[in-house]
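Asker: Below is one structure. I have some questions about it.
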Amino acid sequence: MGYSQNAELSAFSIPAELKENANAVVRNNSIEITIDDFDKMVVSEKKIVTVFNKLGNSDAGIYQHYNDDTKITDLSALIYDSFGNEIKKFKERDFLDVSAVDGATLYSDARVKYIDYKPVSYPYTLVFESEYKTSSTGFIPTWFPINGYYVSVENSSYTLKNPKSIPWRKKETNFEGFNIDKTDTDTELKYIIKKQMAYDYEDNSISSRDILPVAKVALDKFYLKGVYGEATNWQEFGQWMHKSLLEGRDVINEATKIKILDLVKEAKSPLEKAKIVYQFMQNKTRYISVQVGIGGWEPIAANQVDQVGYGDCKGLVNYTKALLDVVEVTSYYTVVYADEKRNLDKDFASIQGNHVILNIPNEGKDIWLECTSQTMPFGFLGDFTDDRDVLVITPEGGIIKRTAIYTDETNLQTTLGKIELTEKGDVIASLNRVSKGLQYDDKSYLDTFTEEELIKSYKSRTWSYNNNLEINAHRLKNDKENIVFTEDLEISIVNYASVNDTEYLFRVNIFNTENEIPKRYRDRVLPLKISSGYKDVDEYEIKFPENYKLNYTPQNKDLVTKFGSYKISFKIIDEQTISYKKEIIIKEGVYPKEDYKEYRSFRRSIAKSENLRIALTKI
């Protein structure tokens with residue numbers, strides 16, 4: 001399709017239905033991949049995107065990655081205004097050329113050419129063209145025709161040409177319900193999607209990856225930076241990784257062997273040995289990204305990490321595994337998608353993942369180690385890599401396993417408090433807060449803070465809703481053996497209660513409010529997702545000022561739903577003292593869209609009770 005006519009690029013020519021809920025519209029996106037051989041691939045892309053506001057700029061990225069193995073052969077960009085008039089032109093020489101890695105990277109051959117375009121006005125239209133040649137066919141571009149929420153697609157196509165009929169596999173996900181035309185032969189695969197309206201994100205929704213179409217392709221025989229590979233399933237893929245990327249990189253020098261064997265000589269079990277080795281590794285090394293090697297996939301050798309004292313996730317996992325080999329504890333290099341909770345596709349063997357961790361089989365109960373952290377407790381992952389399918393690399397091949405799952409009630413926070421209300425309406429409180437599971441993960445970093453940082457965190461994040469709050473004393477204990485974080489705090493809040501001549505009014509739940517009320521939707525489209533479950537138990541003993549009394553017992557509450565439960569109860573201890581206990585359990589899960597209204601009602605009832613105020617009368 002020729003775009004010499006400016007009118008075709010006018011924002012006003014876009015159909016009205018494609019503008020609805022859209023920050024950007026993909027006018028045309030054409031990806032063409034030609035696989036000339038196991039080690040020869042050409043990728044061309046032409047992208048035309050109209051951007052309506054600053055939130056749509058991410059859908060109009062002007063960049064192309066490359067490395068020592070990838071040569072850019074074409075690169076250009078044109079910018080048009082809302083009427084289709086050309087206002088900016090970029091040739092390859094105009095692109096900035098920088099390292100494609102962050103400041104934590106030691107060295108890398110990954111680079112990116114990009115334009116940092118700052119629009120003068122909206123809407124504008126980008127026409128971007130790029131082409132590159134590479135010998136690495138291990139990574140075949142995936143087709144994501146719809147780039148998440150708030151973007152619509154006028155036309156998008158993906159063509160994969162395979163003239164030599166090299167054996168390949170493909171997987172199509174979430175194609176149902178989308179208007180996708182497909183051509184599929186031994187030598188060509190083609191997809192086209194047209195007139196796809198934008199999806200509006202809804203609160204507490206599943207990831208767009210779970211509903212939008214995606215097509216993945218992998219060659220049964222491939223090259224990765226000059227290393228030949230062959231795999232049709234995860235077992236074969238694991239064998240290839242072990243032999244090509246890991247084997248021979250586990251040598252530990254003799255001095256370190258002697259040191260580590262001496263450290264574990266009193267250990268009475270493999271588990272005890274593993275803990276000692278993990279502690280040794282954490283004390284000796286630090287994390288720094290190192291992305292050389294086979295496409296960023298081959299770890300630097302264990303003896304090199306031992307010598308310099310740093311490595312990336314691959315290097316540190318490989319180093320820890322090599323140390324465990326010395327003390328005869330079996331462990332396995334493991335590939336995972338980190339951060340966003342995302343599974344490796346267990347039905348489609350290919351190069352996947354963005355991180356590695358270490359697996360230690362332990363009598364049927366796997367132990368998982370995060371080797372990039374100097375502070376993480378032994379055997380604890382946290383929400384960075386918990387509860388997802390991962391690839392464990394053994395000499396016999398790859399095995400799909402599930403990492404540790406922290407279920408609802410194991411993510412426990414208990415708070416015990418003694419609270420004194422003064423005649424002026426101030427609060428003087430002693431709190432003991434104990435956190436486990438993912439709630440431990442949320443707070444374990446606090447003991448690394450300076451005094452100033454810690455107090456700022458409590459005042460501006462934890463209890464930002466309490467004006468005039470001060471931390472008068474604190475004592476933190478990070479029990480890494482039992483994975484428990486304990487906070488003992490002395491807190492004061494000036495003018496907390498509302499006091500007048502006849503009444504003393506205060507919000508009873510001072511230190512753990514749950515005020516979130518999900519947005520109301522008239523016609524919910526997407527399923528409800530509660531990302532992580534937890535349990536909070538709060539128990540306060542509240543002492544009133546001497547010249548005030550409570551003339552009634554506040555009402556208890558007990559809500560039980562499929563999403564969890566909420567209970568509050570009150571008990572009169574004496575004329576000046578009342579106890580308040582709250583227990584809330586929220587259950588992780590994905591629920592049908594029809595359940596959203598009930599969930600919103602549940603959260604609204606909770607929020608109302610969380611703001612319950614108690615009135616005292618003057619004696």
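Each value in this text was obtained by applying a stated rule to the coordinates, not by laboratory testing. This one's a predicted model, so the numbers in the text were calculated from it and none came from an experiment. A quick note on method: Cβ atoms are made from the backbone with ideal geometry, for glycine too, and the neighbour counts reach across all protein chains shown.
Asker: Would you mind putting 183-189, 56-62 in packing order, based on average other-beta-carbon counts within 10 Å, highest first?
Answerer: Result, highest mean Cβ count within 10 Å first: 56-62, 183-189.
Asker: Return Val356, Val508 ranked ascending by Cβ neighbour count within 10 Å, so the fewest neighbours appear first.
Answerer: Val508, Val356
Asker: Return a whole-number percent for the relative contact order of the chain, with Cα pairs under 8 Å and 6 or more residues apart as the contact set.
Answerer: Reported as a whole number, the value is 10 percent.
Asker: Let me ask something else about it. With the contact rule set at Cα under 8 Å and sequence spacing of 6 or more, what percent relative contact order holds for region 25-132?
Answerer: Normalised by residue count, the contact order of region 25-132 is 36 percent.
Asker: Still on this structure, please answer the following. Compute the distance from the alpha-carbon center of region 524-567 to that of region 165-207, in whole Å.
Answerer: 45 Å
Asker: Enumerate the calculated ³J(HN,Hα) couplings along region 462-468 in order (Karplus 6.51 cos²θ - 1.76 cosθ + 1.60, θ = phi - 60°), each rounded to whole Hz, writing x wherever the residue is Gly or Pro.
Answerer: Values per residue, Gly and Pro as x: 4, 10, 4, 7, 9, 5, 6 Hz.
Asker: Provide the per-residue ³J(HN,Hα) series for region 20-32, in order, calculated from phi with Karplus coefficients 6.51, -1.76, 1.60 and θ = phi - 60°, each as a whole number of Hz, with x at glycine and proline positions.
Answerer: 5, 6, 9, 7, 8, 10, 7, 6, 7, 9, 10, 10, 10
Asker: Is there a pair in Lys170/Lys273; Lys113/Lys314; Lys46/Lys519; Lys456/Lys581 whose C-alpha atoms are over 32 Å apart, and which pairs would that be?
Answerer: Among Lys170/Lys273; Lys113/Lys314; Lys46/Lys519; Lys456/Lys581, the Cα-Cα distance tops 32 Å for Lys170/Lys273; Lys46/Lys519.
Asker: Give the residue from Ile542, Ile62, Ala255 lying farthest towards the positive end of the charge dipole for the chain; charges sit on Cβ (+1 for Lys and Arg, -1 for Asp and Glu) and the dipole is referred to the Cα centre.
Answerer: Ile542
Asker: Name the residue farthest towards the positive end of the dipole of region 234-309 from the options Leu271, Gln304, Ser289, assuming +1 on Cβ of Lys and Arg, -1 on Cβ of Asp and Glu, about the Cα centre.
Answerer: It is Leu271, whose Cα lies furthest towards the positive end.
Asker: Compute the helix-to-body angle for 596-610: its Cα long axis versus the longest principal axis of the chain, expressed 0 to 90° and rounded to tens.
Answerer: Helix 596-610 sits roughly 40 degrees off the main axis of the chain.
Asker: Ranked by Cβ crowding within 10 angstrom, fewest neighbours first, how are Phe378, Phe90, Phe128 ordered?
Answerer: Final ranking by Cβ density, sparse to dense: Phe90, Phe378, Phe128.
Asker: Between Lys268 and Ser82, how many nm apart are label points set 7 Å from Cα along the C-beta direction?
Answerer: Calculated label separation equals 7.7 nm.
Asker: Could you tell me which GluC sites (Glu not before Pro) in region 1-55 are loop residues by DSSP with no more than 13 other beta carbons within 10 angstrom of their beta carbon?
Answerer: Glu20
Asker: Just want the ordering: Phe280, Phe237, from fewest to most Cβ atoms lying within 10 Å of their own Cβ.
Answerer: Going from sparsest to densest Cβ surroundings: Phe280, Phe237.
Asker: So which chymotrypsin sites (Phe, Trp or Tyr not before Pro) in region 517-553 end up in coil per DSSP with only 11 or fewer other C-beta atoms within 10 Å?
Answerer: Hits after loop and neighbour filter: Tyr552.
Asker: Please turn the phi angles of region 472-479 into ³J(HN,Hα) values with the Karplus equation 6.51 cos²θ - 1.76 cosθ + 1.60 (θ = phi - 60°), one per residue in order, whole Hz, x for glycine and proline.
Answerer: 8, 7, 8, 9, 10, 9, 9, 8
Asker: Using mean Cβ contacts within 10 Å as the protection proxy, how do 574-580, 197-203 order, highest first?
Answerer: 197-203, 574-580
Asker: Loop only per DSSP, at most 15 neighbouring Cβ atoms within 10 Å: give me the trypsin sites (Lys or Arg not before Pro) in region 414-455, ordered by residue number.
Answerer: When the trypsin sites (Lys or Arg not before Pro) of region 414-455 are filtered for loop state and at most 15 Cβ neighbours within 10 Å, Lys424 remain.
Asker: Follow-up question, since we're still on this one. Residues with amide H under 5 Å of Glu188's amide H, sequence separation 5 or more or different chain, H placed in the peptide plane at 1.01 Å from N; which?
Answerer: HN-HN under 5 Å from Glu188: Asn162.
Asker: Mind pulling the angle between the C-alpha long axis of helix 254-263 and the longest principal axis of the chain? Nearest 10 degrees, somewhere in 0 to 90.
Answerer: It is inclined by approximately 30 degrees.
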